[in-house]
Structure formats: C-alpha cells, structure tokens
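Accompanying notes for the structure given below.
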Amino acid sequence: MIWVAAGVLIWLGAWALNVRIAHSALAGTRAGRMAIPLIFGLSVLILWEALVFGFGVSAVILPAPSAIGATIAGALPVLWGDFVQTFVKGALSGYVMGCAAAVIVAVLIDRSPFLQKGLLPIGNFVSALPIIGIAPILVMWFGFDWQSKAAVVVVMVFFPVLVNTVAGLAATEGMQRDLMKTYAAGYWQTLAKLRLPAALPFIFNGLKISTTLALIGAIVAEFFGSPTRGMGFRISTEVGRLGLDMVWAEIAVAALAGSAFYGVVTLAEKALTFWHPSQRQH
Amino acid sequence: MTDAAVMPRRTSWQRVRGGKMLPVLSVLCAIVVIWYAAAVWMNATWTLDQAARAGTEPTFAEIVADTMVQKRPLLPAPHQVAATLWDQTIEQKVTSKRSLVFHGWITLQATILGFVTGAVLGVAVAVGIVHSRTMDLSVMPWAVISQTIPIVALAPMIIVLSNAVGIDGRTVPKTIISAYLSYFPVLVSMVKGLRSPGAAQRDLLKTYNASGMQTFFKLRLPASLPYFFAAMKVAVAASLIGAIVGELPTGAIQGLGARMLIGSQFGEPLIMWAALFAAAILAGVLVIAVGLLERLALRLMGQPGQGGAR
C-alpha cells in the first residue's frame, strides 16, 4: 500500500510542479513547453509502476513499465526484424506508392472538372469507410508476405491524399493565376511554379493523416495471415501465449515508429511550406 | 447565386449537368464497368485451369460467362455481391446468425457506445484543456502522440485484458477501441470551438458580470457547436472502424468484422464482400444521420444550415 501512496504522491507532486511551470515565465520558452509533457509522461509511468507493484497486479494482466523495458532490451533483434517487416517493407513502401499514386491521379483529373465533380464526393465517402475491411481480400490476392500489407496501405492512404490534393490544387486565387497568365506561363509551368507549391499545405495534411493509417493498415493486415515475423503477427501470437510484456514492447515500438514517422513528415512540411501562415512563428 | 435577370431559367437537364449527380453517376458506372472487366480478368485463370483439367478449350464467351458465376471467385462480380447482400439481409430472418442485419446490429451497438464514450471523453478533456493551462501544456501533446499509436495494435490485448479482469463478451473491449479512435477528433475540434469566441464577445460577457460558468454555457458552448458536429462526422466513421477492428482478432463470431474474418478463413469471398459492403452502407447511414442531427441542432439554435467549421 505504501508503494501506491508513494506513486500517487509523486504523481501529484509532478502535477503541482507542472502547474508551477505552466504559470511561470518558463512556459513561454521552448524548454518549458518540452519539459511539461515530459514530466507528465514520466509521472504517469511512475504511477503505473507503483500501482502494479503495490497491488501486485499479475504480469498477465498489466506488466510494469520496468518489465516492458527489460523485454525491449532483451528482444531487440526480434523487435528490429518485426519493425523491418511491418514498417519498412509493408507500411513505408505502401505509403510511398499510395501517396504518389494519389498525387498523380489528382494532377491527372485536375484538367477535367467533370471527373473532379464525380470523383470528389466518392473519394470523400470512401475515406469515411472502414477500408481496413479489404485487408482479408488483399491478403487473399497478394499472399502472406509484405506485398499484401503494402497493398492494404496503398488503398488506405490513397483517398485522404487524393481528396486533400484536389482541394489544394484549387487553393490558388484568381489574381495569382492571372499573374501567371501575364507571364505567358503554360499549364504545366503554372502547375509546377504556382499551383503545386500552393497545394503543399493541403497535401501535407493528407500525408500526415496517412502516416497513422499506413501503420494501422500494415499491422491489421498481418492479423489475416503473415510470415512468422511482423508486429501484427507478434502481437496476435504473444497475446495468445499471454506474453503481455512482449505485446507492450511491440506497442512501444509501434508508438515510437508512428510518432517518428509523423514527426519526419511534419519536419518535411516545415521545410517545404515555410512560407505558409500556419508555419510562421511570428 | 443564380441571378434571374441575367441568366435564363435553367432547364432541368442543365441543372442535372451543372450539379453533381451526372459526374458522380458516370464515375460510379465507370467503376462498375472496370470491376466487371477485372472480375473477368482475375477469375479467368481458374476457369482456364478447370478447362485444361477437363481437356476442353473454352471460347471467350464461355470464359466470360463462367467468371460471372463462380462459387469462390477471386473477385466476385458486382451482381454476385449484390445477390449475396440481398440474400443475407432481406431473405434471412433478422435474428438469424446468417443475417447481416443481425451482425450489423452487433457492430452498431459497439459503434454507438464507443462513439458516445469517445465524444463525452473528448468534450470533457477539451473543457479541461481550455480552462486549465497546465492541462493544456501537459495533456495535449500526449493526446496528439496517442493518435500516432496504431490502436489496432492494442486491440487483441484490450480484448484479452478485459477478459482477464472478468468482463464477458466483446462489447466492452470494442467500445474501448471505438472510444479511443473517436475521442481525438472531438477533442481537437472542441478545443478549437471552445476557444473560437473572440475577445470582443468575451469582453461583452465580462461587462455583463457573467461568471465563468455562465460564460461557458452561454458563449463558449454554443459557439463550439459547429466545430462539434464537424468532428462528430469524423468521429462516427472512426468509431465504426474501431468496432470492426475490435471484431477482427480471432475469437469473435458476431459482428461485421467477424463476418469478414469468417469469410477469409473459410475461403468464402462472397461472405467477405457482402460484409464489407454492409459495413460501407452502415458507415454511410451513420454519417448521414450525424449530418441530419447537425442540421436539426443548428436550426433549433437559429443558425443557418451550414456550420462555420469546415
């Protein structure tokens, strides 16, 4: 019981510390903004550890963070193999193919208002559908290896990126297009120099949404059949064996990979759309 | 938009051409045509295989005819899917284990439960974030990070966990997954919406000597409604995905996700496709229902039909 009390006390203390920081001058600085969520996260981990230890929760129900950490450290090669199989081969390749295809299709239908009017409502509707349901079908078509996972990811990321790109290509103003016309710029020049750059904030919006979708697609597709490696495979088999520490280790890897993926796309966005109001700091 | 003095009255045909109906319908037709072509192309291998085994040489017309009626096609033709869908909804009793209405109802329950839980959670956290600077700074980054975690990775574990804790059935774990997926859009939009009243409006309420509670209920909450409903549409779709994913890991026997899994495991593509389309229809109905609710609520509040947050 003393452990539980200590955990709760530490958590409350961390919260009080955060209140102090949030209302001090530190909250305006970069360090302060980084420190507050870090302290909060750390205190939650400590509370979790204390609760598991204090109540003697069985590792089959909820392993302590320390046990998960030990598993991660001990099973690095396995985790790395799963990561390569699911993330690099399945999610990443599918993401690149799907996003590229979506942008290309958006540019192709850009010249036909008829196609746009027809495809946009359908694209919008399809992005609201539980596309993940096609995973078993695609696994049946493309086999158990990463190709079927990449195919699921392609379908999942295609529509959000398509819809956003089409919206982005329409985002220029008449004045800007007129200016390009006075420069005697052709269609492709206008596209390359004005409309695609102007569409970038929208495209990146779609790309960012798609990062999570890509990981979800790759992992769920593995529930329907996979070679004997991969994050989805490991999770479903380890759950069956009640090896929850390994499951949590995979989840930690997935969370890390997902956040890093999102972060990389955000960095690319910052580098490429530095001119956009949402990216300018002051 | 239409200025009667300048523009002649449009005929109904022009209205159809100018509207979205025609383009959407033609794209849909094109999809069906491509689908049929793909069905012939993908199923022909099996037909040719069978013919080679029987030692016959089928004509093209025979191949096409055969690809339309296979029992276990690689890609079922649209009319096969439609027939299965019809057979498993209208022809079956609603309580039958083979009825998609029955399975859809199971999925819908978890979807609605998760959707409501997620929405309440999202609104509650948003209210906290708007009112507490500490919470804004410490919880918001984690809420963002929580969405980069592929929740489906957690799905099998949530199911085992809730069983271990002694909760029978799958409604609770499915609800948790749905709620996890649907709370985030609500949270983000509500934070935006609750902060949307400008300084002038807040100042006005201050001159009325309004308390924090009064400001919240009379200004912030009504102002956030358009944002709320915009998020609702995203959240309800996400919630359905959560419910279906919750049914995917082995063991489920009820629900649309379980139907897909059964179709996949027993090599019955028609079941799989019918369940997939049932899920699509369900998603469409849910989004439309939320849209109607939005119109109703905004009209009751005296706002014009279209919300401000798009």
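Residues in region B:120-147 that are within 11 Å of chain A (Cβ to nearest Cβ), open to solvent by less than 10 Å² (accessible area, probe 1.4 Å) and under 26 Å from the mean Cα position of the chain (by Cα): B:Ala143 only.
Among the residues of region B:207-216, those that are open to solvent by 90 Å² or more (accessible area, probe 1.4 Å) and of a type outside the set (S, T, N, Q) comprise B:Tyr208, B:Met213.
Considered as a group, the residues in region B:148-163 that are at the interface with chain A (Cβ under 7 Å from one of its Cβ atoms) and open to solvent by 30 Å² or more (accessible area, probe 1.4 Å) include one that is modelled with the lowest pLDDT, and that residue is B:Ile149. In summary, B:Ala83 fulfils each of the numbered conditions (1) open to solvent by less than 40 Å² (accessible area, probe 1.4 Å); (2) assigned to a helix (DSSP H, G or I) with the single exception of condition (1). Just to be sure, is B:Met301 more than 30 Å from B:Val69 (Cβ to Cβ), within 12 Å of the chain's Cα centre (by Cα) and either of a type in the set (Asp, Glu) or more than 11 Å from chain A (Cβ to nearest Cβ) (or both)? The answer is no for B:Met301. Determine whether region B:97-117 contains at least one residue that is out of contact with any His (no Cβ under 8 Å at 6 or more places or on another chain), open to solvent by less than 30 Å² (accessible area, probe 1.4 Å), free of Cβ contacts under 8 Å to residues at least 40 places away in the same chain and closer than 30 Å to B:Ala280 by Cα. Yes, region B:97-117 has at least one match.
Of the residues contained in region B:187-206, one or more are found to be more than 18 Å from B:Ile106 (Cβ to Cβ), open to solvent by 60 Å² or more (accessible area, probe 1.4 Å), free of Cβ contacts under 8 Å to residues at least 40 places away in the same chain and polar (S, T, N, Q).
Quick check on this structure: which one of B:Ala243, B:Ala275, B:Ala258, B:Ala235 is surrounded by fewer than 24 Cβ atoms within 10 Å (Cβ to Cβ), of a type in the set (Gly, Ala, Ser) and either at pLDDT below 85 or not in a loop (DSSP other than H, G, I, E, B) (or both)? Just a single option satisfies the conditions, and that option is B:Ala258.
Within region A:212-234, the set of residues being within 7 Å of chain B (Cβ to nearest Cβ) and either open to solvent by less than 10 Å² (accessible area, probe 1.4 Å) or assigned to a loop (DSSP other than H, G, I, E, B) (or both) comprises A:Leu215, A:Ile219, A:Val220, A:Phe224, A:Met231. Restricting attention to region A:110-150, the residues that are of a type in the set (D, E, K, R), in contact (Cβ under 8 Å) with a residue 40 or more places away in the chain and either facing chain B (nearest Cβ under 10 Å) or assigned to a helix (DSSP H, G or I) (or both) add up to 1.
A:Asp110 - would you say it is surrounded by 15 or more Cβ atoms within 10 Å (Cβ to Cβ) and either acidic (Asp, Glu) or at pLDDT 90 or above (or both)? Yes: the conditions hold for A:Asp110.
Only one of the numbered conditions (1) assigned to a helix (DSSP H, G or I); (2) hydrophobic (A, V, I, L, M, F, W, C); (3) surrounded by fewer than 21 Cβ atoms within 10 Å (Cβ to Cβ); (4) within 11 Å of another protein chain (Cβ to nearest Cβ) is not met by A:Ala271, and that is (4).
When region A:235-252 is filtered for residues that are at the interface with another protein chain (Cβ under 10 Å from one of its Cβ atoms) and among the aliphatic types (A, V, I, L, M), the ones remaining, listed by number, are A:Ile235, A:Val239, A:Leu242, A:Leu244, A:Val247, A:Ile251, A:Ala252. Across region A:64-76, not a single residue is classified as surrounded by fewer than 15 Cβ atoms within 10 Å (Cβ to Cβ), among the aliphatic types (A, V, I, L, M), free of Cβ contacts under 8 Å to residues at least 60 places away in the same chain and in a loop (DSSP other than H, G, I, E, B).
Each row is one residue, and each column tells you yes or no for (1) of a type outside the set (Lys, Arg); (2) within 18 Å of B:Ile253 (Cα to Cα); (3) at pLDDT below 85; (4) out of contact with any helix residue (DSSP H, G or I) (no Cβ under 7 Å at 6 or more places or on another chain).
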position	(1), (2), (3), (4)
B:Ala54	yes, no, yes, yes
B:Pro58	yes, no, yes, no
B:Ala61	yes, no, yes, yes
B:Ala65	yes, no, yes, yes
B:Arg72	no, no, yes, no
B:Thr84	yes, no, yes, no
B:Glu91	yes, no, yes, yes
B:Val94	yes, yes, yes, no
B:Phe115	yes, no, no, no
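Answer with yes or no whether B:Gly166 is among the small types (Gly, Ala, Ser), open to solvent by 20 Å² or more (accessible area, probe 1.4 Å) and either within 12 Å of chain A (Cβ to nearest Cβ) or under 19 Å from the mean Cα position of the chain (by Cα) (or both). Spelling it out, B:Gly166 is indeed among the small types (Gly, Ala, Ser), open to solvent by 20 Å² or more (accessible area, probe 1.4 Å) and either within 12 Å of chain A (Cβ to nearest Cβ) or under 19 Å from the mean Cα position of the chain (by Cα) (or both).
Of the set (1) touching a residue at least 40 places away in the same chain (Cβ under 8 Å); (2) surrounded by fewer than 24 Cβ atoms within 10 Å (Cβ to Cβ), all apply to A:Thr182 but (1). For region A:83-91, state whether one or more residues are over 30 Å from A:Leu207 (Cβ atoms) and without any contact (Cβ under 8 Å) to a residue 24 or more places away in the chain. Looking through region A:83-91, none of the residues is over 30 Å from A:Leu207 (Cβ atoms) and without any contact (Cβ under 8 Å) to a residue 24 or more places away in the chain. The conditions of being at pLDDT below 85 and surrounded by fewer than 15 Cβ atoms within 10 Å (Cβ to Cβ) are met by B:Gly305. When you check A:Ala16 against the structure, is it more than 20 Å from B:Asp136 (Cβ to Cβ), surrounded by fewer than 16 Cβ atoms within 10 Å (Cβ to Cβ) and not assigned by TED's automatic domain parsing to the domain that holds A:Ile251, yes or no? Judged against the criteria, A:Ala16 is not a match. Residues of region B:246-255 that are at the interface with another protein chain (Cβ under 8 Å from one of its Cβ atoms) and surrounded by 22 or more Cβ atoms within 10 Å (Cβ to Cβ): B:Leu248, B:Pro249. The condition of being over 30 Å from B:Ile159 (Cβ atoms), more than 11 Å from chain B (Cβ to nearest Cβ), surrounded by 13 or more Cβ atoms within 10 Å (Cβ to Cβ) and not charged (D, E, K, R) holds for only one of A:Ile2, A:Ile21, A:Ile10, that being A:Ile10. I'd like the full set of residues that are open to solvent by less than 70 Å² (accessible area, probe 1.4 Å) and either acidic (Asp, Glu) or under 16 Å from A:Ala252 (Cα atoms) (or both), limited to region A:33-53. Selection gives A:Gly41, A:Val44, A:Trp48, A:Glu49.
The values are calculated or read from the model by the stated rules, or taken from the named source; none is laboratory data. Everything quoted here is computed from the prediction, not taken from an experiment. With ideal geometry, Cβ positions are generated from the backbone for all residues, glycine too; neighbour counts draw on all protein chains shown. We work out accessible area using only protein heavy atoms, side chains counted, and drop any ligands, DNA or RNA first. Shrake-Rupley method; radii C 1.70, N 1.55, O 1.52, S 1.80 Å.
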